[in-house]
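The values are calculated or read from the model by the stated rules, or taken from the named source; none is laboratory data. This is a predicted model, so every value here is computed, not measured. Cβ placement follows ideal geometry from the backbone for every residue including glycine, while neighbour counts extend to all protein chains displayed.
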Amino acid sequence: MAVDAADGVEIRNALVRMRRTTGLPVAFGGLVEPGRRRVRISELSGTATTALSALAVVSGNGLGGKAVQLTRPCAVTDYSVSRHISHEYDLPVAAEGLRSVLAVPVVVRRRVRGVLYGALRTAQPLGERTLSAAVAAARDVEQALVLRDEAGDLLAAARPEPAGDAAGAAAWEQVREAHAALRALAPRIADPSLRDELLRACGLLAVGNRPAAQGPRPAPREMDVLACVAAGATNAAAAERLGLRPETVKAYLRSAMRKLGARTRGEAVVAARRAGWLP
């Protein structure tokens, strides 16, 4: 998968969180370059120089390369004299004045997608609490990348090919299932820009060539429930997918039905489709 600018934003935000939760003065990181076993350092936080900027860290080399190769966090107390790593990157590390350094790989579906580093300018052990906080920041990036990948897969699957009536109907059911799945993913995304991007994609799937109606629109969670119902989910299945209680799903559905002037869940789905709010 190609490196995406939005993925870089995830790295940048994670570095800020890492510095805040660990107290480390310096953090930096980057993503694995497509088709290569190396990480390009693209994001810097708290650095005093640009010595580390755009540095390409090859798998197996240095601290970050070791973390990539082993797919686990690694740390050294004094980088320049450590016997546990190779020393291809001593010059830029020394230029930044770093001594104690940790590196945590970002692993998605068993594949390393990036590395987060945290560092001190003094030689002292980095405790378990610091390492755990750094790992938590990497897990946040992993979750965001997983959600982004899933959203991309769903959008790709939701582009039906021209077909006859029967095949076209089946393709639209696939679109509706993808729409419901995307709406279920959206509330789990912490990044507001990514969440908005996903909801805009949902809107494209729903409206198509129809203008959206101007009447009272169901609230976001009501639309999530309607999308699940439109894809054939029961209230219990919708609750499980959306992380809600079945009673809450029923309440959202009743509210949506009132706004749409519908007496049944089926009528509510039909009304939402006519309004251009559901595919």
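Observations, loosely collected:
- Of all residues in the stretch 194-212 being surrounded by 15 or more Cβ atoms within 10 Å (Cβ to Cβ) and more than 20 Å from Tyr252 (Cα to Cα), the one that is modelled with the lowest pLDDT: Val207
- Residue in the stretch 122-139 that is more than 25 Å from the chain's Cα centre (by Cα) and either in a helix (DSSP H, G or I) or on the phi > 0 side of the Ramachandran plot (or both) present: yes
- Selection within the stretch 251-272 - touching a residue at least 12 places away in the same chain (Cβ under 8 Å) and surrounded by fewer than 16 Cβ atoms within 10 Å (Cβ to Cβ): Ser255
- Of all the numbered requirements in (1) in contact (Cβ under 8 Å) with a residue 12 or more places away in the chain; (2) over 17 Å from Glu177 (Cα atoms), Val229 misses one, and that requirement is (2).
- Criterion (among the aliphatic types (A, V, I, L, M) and at pLDDT below 90) met by exactly one of Ala136, Ala119, Ala157, Ala123: Ala157
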